[in-house]
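Laboratory data are not the source of any read-out in this text; all were calculated from the coordinates shown. Just so it is clear, the structure is predicted and the values come from calculations on it, not from any experiment. Here the Cβ positions follow ideal geometry from the backbone for every residue, glycine too, while neighbour counts run over all protein chains shown.
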Amino acid sequence: MRILIVEDEPKTASYVRKGLMEHGYVVDVATDGLDGLHLATTTSYDVILLDVMLPGVDGWAVLQGLRDKQQTPVLFLSALDQVDDRVKGLKLGADDYLVKPFAFSELLARVQNILRRGPVQREQVMRVADAACIGCTPQSSTSSDESLPALLAFPSRARKRRG
Ligand code: CA
């Protein structure tokens, strides 16, 4: 399994890289958006960990550029913790969104979850992201965290599991 980390903070990048390598993954690191997009579109990865706030081309643009070409699973890693940011990431076609700071164990679990389920149904993520806002009032949608658990739990509940 090969993973790309697009992250401009050396400490975070090396911490995540080291942990993933200890779990047997092959890991590449890009430290800006342009390099990240180049690697993502020229190399075959099983999952891409994508920071949002990057020098040059930001994570949103990297994901859009990537989605024009291929459906490699993407997990956003971002300090942007508003519901709107997370929904934006998911609507752009990300498979998951993890807010910094995070525990490595949670990152690993989310990566394994993405790898287990394989390529996600994009249309389903869009519908779930839209549906998550039905319960929120407009003024609370930027500050409330309440819709996120439902948003993130839904795709895994919807997965077809036997046994
Ligand atoms: Ca950053």
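Quick check on segment 2-116: take the gyration tensor over C-alpha atoms, sort the square-rooted eigenvalues as a ≥ b ≥ c, and tell me if it's rounded (a/c under 1.5), prolate or oblate. In terms of gyration-tensor shape, rounded. At full extension, ASP68 and TYR15 could sit 16.1 nm farther apart than now, given 0.36 nm per residue minus the alpha carbon distance. Put a plus charge on the Cβ of each Lys and Arg, a minus charge on the Cβ of each Asp and Glu, and nothing anywhere else: the dipole of segment 2-116 about its Cα centre is then about 300 debye.
Coupling constants for segment 54-63 follow from the phi torsions by the Karplus curve (6.51 cos²θ - 1.76 cosθ + 1.60, θ = phi - 60°), and in residue order they are 10, x, x, 8, 7, x, 4, 5, 4, 5 Hz; glycine and proline get x.
Spin-label model, ARG116/ALA61: points 7 Å from Cα along the beta carbon direction are separated by 3.7 nm.
With a cut-off of 17 Å on the backbone N, the residues of segment 80-96 near the modelled label site 7 Å out from ALA109 along Cα-Cβ are 96.
Lysine pairs in segment 2-116 with alpha-carbon atoms under 23 Å apart, 8 or more places apart or on different chains: how many are there? Don't jump to the answer; show the numbers that get you there.
Values: LYS11/LYS100; LYS18/LYS100; LYS69/LYS88; LYS69/LYS91; LYS88/LYS100; LYS91/LYS100.
Going through segment 2-116 pair by pair, I get 6.
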